[in-house]
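First the structure, in the form of C-alpha cells, and then the observations on it.
The values are calculated or read from the model by the stated rules, or taken from the named source; none is laboratory data. Just so we're clear, the structure is a prediction, and the values are computed from it rather than from any experiment. In this analysis, Cβ positions are derived from the backbone assuming ideal geometry, glycine residues included, and neighbour counts consider all displayed protein chains. Keep in mind that these areas ignore ligands, DNA and RNA; they rest on the heavy atoms of the full protein, side chains included. Shrake-Rupley method; radii C 1.70, N 1.55, O 1.52, S 1.80 Å.
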Amino acid sequence: MNIHILRSKAEIDRAVADLFIEQVRNNPKSVLGLATGSTPIGVYGLLVKDHQEHHTDYKQVTTVNLDEYIGLPEGHPESYKEFMRRNLFNHINVDFNRVHIPFIKGTCEESCQAYNNLLSQFVPDIQLLGIGANGHIGFNEPGTKADSKTHTVLLAEKTRLDNARFFNHIDEVPTHAITMGISNIMDAKRIVLIATGASKADAVNKMITGEVTESLPASFLQRHGNVDIFLDKEAAKLLLKK
Ligand code: PGA
C-alpha cells in the first residue's frame, strides 16, 4: 500500500483528481470505478472544473459505481444515481449509456448476476474508494467475505446512523443496499482510497496495520498490489503515533 499523508482535504482532492484526469487523457476508453458519500465530492468538483477548462474528454469513458441503496423511489435526491448526476455526470460529456450503477430489476439474484456480468466486461482501470468508520468499502459491511461478488446487504446500524445526515430522519435511511463485492473491488487494476477526519482514524489504522480480516473489510486491500491511500493528518493520527 502506498500511503500519502497530505496537509488538507483540498490537497488530497487535487492529487486524486489529477490521477483520474491523467488516466482519462492517457486512455480515452478508460473504465473508471466511482464512489459516493461525502468523500469524493471534492474530487468530482475538480474533474468538472478540468472538463470545463481543459475539455478532458469522457465521451468514450465507461463508469461503474460501487453501490446503490435499495428502496428509494426513482429520482430520490439521495439515491446514488442522483448523487452521481448532480456531482459529476451532468457536468461532463460522459455517454449515459456507458454509465453503470447497480440496481434491482427482477430478483436480487438476477440483479447481482447482471452487475457481475457487466463488471467482468468493464474492469476498472482505477477505482475510487472511501472507507466507512466501521471499515466498510462500498457497502461491504464487517463480516463480508473476500470472495464476495455483487450482493444485497442489510446495512449496519453504524452505516445508517453515519448516513442519516443526508436524510431528514434516520427512519428514511434505507435498510438495504446492493454493492459490488470485495472480489469485484479487488479486480480493479488500481485502487485509490481517500479517508479524512478523526472519525476514520481507527478504521484506517486497522486497514493498514491490522490483520487481514472480514471484520474490517478494507483490510483486504492489503492483498492488492496497486493501492494508493490518501489521508489527512486526522485520519492518519493513529499511524503517526507509531
Ligand atoms: P463518507 O462515506 O465519504 O460519506 O464518509 C465513506 C464510505 O462509507 O465509504
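Which entries of Lys29/Lys206; Lys81/Lys237; Lys105/Lys200; Lys149/Lys233; Lys9/Lys241 show an alpha-carbon separation above 31 angstrom in the structure shown? Over 31 Å apart, Cα to Cα: Lys29/Lys206; Lys81/Lys237; Lys105/Lys200; Lys149/Lys233.
A Cβ-based charge dipole, computed about the Cα centre of the chain with Lys and Arg at +1 and Asp and Glu at -1, lands at about 560 debye.
Is the stretch 79-128 rounded, prolate or oblate when judged by the Cα gyration tensor, a ≥ b ≥ c being the square roots of its eigenvalues, rounded requiring a/c under 1.5 and prolate requiring a/b larger than b/c? Judged from the Cα gyration tensor, the stretch 79-128 comes out oblate (a/c at least 1.5, b/c at or above a/b).
Ordering Val123, Val16 by accessible surface, largest first, gives Val123, Val16; the 1.4 Å probe counts only protein heavy atoms, with every chain in place. Exposure here means at most 13 other Cβ atoms within 10 Å; with GluC sites (Glu not before Pro) in a DSSP loop as sites, the longest stretch of the chain lacking them is 75-210. Under the criterion of Cα pairs below 8 Å and six or more residues apart, the relative contact order for the chain equals 25 percent. Here the gap between Ser199 and Glu78, fully extended at 0.36 nm per residue and compared with their Cα-Cα distance, gives a gain of 41.4 nm.
As a test of the formula, what do you get for the chain when each DSSP H run with n ≥ 4 contributes -39,500 (n - 2.57) and the sum is divided by the residue count, at 222 nm and rounded to the nearest 500 deg cm²/dmol? Per the formula, -9500 deg cm²/dmol.
Direction-averaged projected area, Cα convex hull, the stretch 101-242: 8.8 nm², rounded to one decimal. Shown is the FRET efficiency for Leu19 and Asn90, computed with R0 = 22 Å from the Cβ-Cβ distance and rounded to the nearest 0.05: 0.45. Using the beta-carbon distance between Leu238 and Lys105 and R0 = 41 Å, what value does 1/(1 + (r/R0)^6) give for FRET efficiency, to the nearest 0.05? The formula returns an efficiency of 0.45 here. For the residues Asn168, Asn184, Asn90, a GNM of the chain with alpha-carbon springs under 10 Å puts the largest fluctuation on Asn168. In whole percent, how big is the carbon plus sulfur part of the accessible area of the chain, probe 1.4 Å, protein atoms only? Taking all protein chains in place, the chain shows 50 percent carbon and sulfur surface. Taking the Cα centre of the stretch 18-136 as reference, the dipole from Cβ charges on Lys and Arg (+1) and Asp and Glu (-1) amounts to some 180 debye.
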